Every structure is written in C-alpha cells, then in structure tokens.
Amino acid sequence: MEDLSYFVTLDMTDCQDLIFKAVTDSVTGTLIGAHTVASTDGSSCTVDVYEKHYYRAGNRLTLTVILDDFTGQTRVRCISGGGGEGLFRLDWGAAESFEDVVHQALAPYRI
C-alpha cells in the first residue's frame, strides 16, 4: 500500500477545524469519533472518523483522517471506506469523492 500522506502549513488545530467544516458542510456529513494522543515531546496524533451518506453508493461511507505533527509539520492522511457494494465493492467513486472533500479544502495549504 502506498503512502498518500502529505504536509500542510496549518497547525494541527486549524487543520482539524478546516477539515471538520469541509466535511460537515453537507447535510449528511458528521464526525462520529475522534481520538488524540500526545507524546512527551509535545507532538501529537489525532484520528477523526467521519460518516456521510452517498446516494450513488447507496449507503454510508466512512472517512478516517489521521493528523500528526511528529516531524514539526502537520501531516495529513485520509482513508475512506464502506461504500462498496457486492463482491467487488463497487462504490461508483464515492469513496474517492469523500476523500477529495478534504484534499480540496487543504489544497491552498499543501507543502
């Protein structure tokens, strides 16, 4: 599996707030869980799990967003899932669209 993470110029809190606003801007986008772990050196990692209904997939999808600042910069990683239907988990591109909401919101801040 390739690493699809990238860095942004925002601090962790601002990045998390911007992602929250972008995902929950739709009627069905909700934050269903969040967890943050801080290390003794002051850096931290947060995992936020969002859920949204996609009509084209015919069900709800999840989006897991992992943020960390272990290197001194905010790193972002998104993983979507749950949209597959049938044996081949065909989701008509809904999972990728869910991730794109985050990528588009953070595009001006990408390093």
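Derivation of every value follows stated rules applied to the coordinates shown; laboratory data play no part. On a predicted model such as this, the values are computed, not experimentally measured, just so you know. Cβ sites come from the backbone with ideal geometry, for glycine too, and all protein chains shown count toward neighbours.
Results, tabulated for the structure shown:
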quantity: Using a Förster distance of 25 Å, the FRET efficiency for residue 59-residue 25 (Cβ separation, nearest 0.05); calculated: 0.75
quantity: Potential lengthening between residue 37 and residue 103 on full extension [0.36 nm per residue; Cα-Cα distance subtracted]; calculated: 21.4 nm
